[in-house]
Amino acid sequence: MRHILELLGVAVFAISGALAAGRKSLDWLGVCVIAMVTAIGGGTVRDVLLDRHPIFWIAHPEFLLVCLGATALTLLYVHLMIPAFRALFVADALGLAFFTIGGVQIAEQSGVSALLALLMGVITGVVGGVARDVLLAEIPLILRPGQLYASAAIAGAGLYLLLERVGVSRDLRVARWDGDHCGRPLRGDRVAAPAAGVHPEGGGRRAGKS
């Protein structure tokens, strides 16, 4: 179950990175780099902090394949049609949901305390997006007014750990997190959209074109 969550998280964060890079009119190589950083950045920092070796995408190269595949499909999509207004934020919300819970579960297996497990979950969920925004010279989503990005990760990880303490099964905890928190980062999308280069009129440029 955790492996599936991580694969889904890599895929949707790669889509998020590719969409954000495309708004900046990067070429296909630049889009791939930003997508990779977004997809594997949080998990890499988590594994380094937990001293897990090898890093997850080195131990399981299929993560890189999923990332490249999702990026390629996104590039094809944006060349055929203009992405929807909320596409970037939907991808970010899904990636946050999948990666935060996966990060908490990995931290628990490493034997750390509940507080550190919560922190590792948040790091896994938000660091990739922060790195993406910094590389694209944008204010990170977690620092923008009206965003619940990091707050949603903290609340979701805390709820997961609380449900674990009261004996709720793992699958039910994951389902509860996805249902309650997956959409939270979207609530401030009208505030954050201009900063991300996403316009309601759909006027964003396509990847590789000037």
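The values are calculated or read from the model by the stated rules, or taken from the named source; none is laboratory data. Note that this is a predicted model, so its numbers are computed, not measured. Positions of Cβ are generated from backbone atoms using ideal geometry, with glycine treated the same way; all protein chains shown enter the neighbour counts.
Here Gly17 meets each of (1) farther than 12 Å from Phe63 by Cβ; (2) surrounded by fewer than 24 Cβ atoms within 10 Å (Cβ to Cβ); (3) at pLDDT 90 or above with one exception, condition (2). Here Leu68, Leu5, Leu75, Leu29 are screened, and the one residue that is assigned to a helix (DSSP H, G or I), surrounded by fewer than 24 Cβ atoms within 10 Å (Cβ to Cβ), without any contact (Cβ under 8 Å) to a residue 24 or more places away in the chain and not β-branched (Val, Ile, Thr) is Leu29. Close contacts from the stretch 137-149, counting a first residue that is closer than 16 Å to Val127 by Cβ and a second that is of a type in the set (Phe, Trp, Tyr) and buried (at least 18 other Cβ atoms within 10 Å of the Cβ), with Cβ to Cβ under 8 Å and a gap of 6+ residues or different chains, come to Leu141/Tyr149; Ile142/Tyr149. Here Phe63 fulfils each of the conditions (1) in a helix (DSSP H, G or I); (2) in contact with a helix residue (DSSP H, G or I) (Cβ under 8 Å, 6 or more places away or on another chain); (3) more than 28 Å from Gly158 (Cα to Cα) apart from (3).
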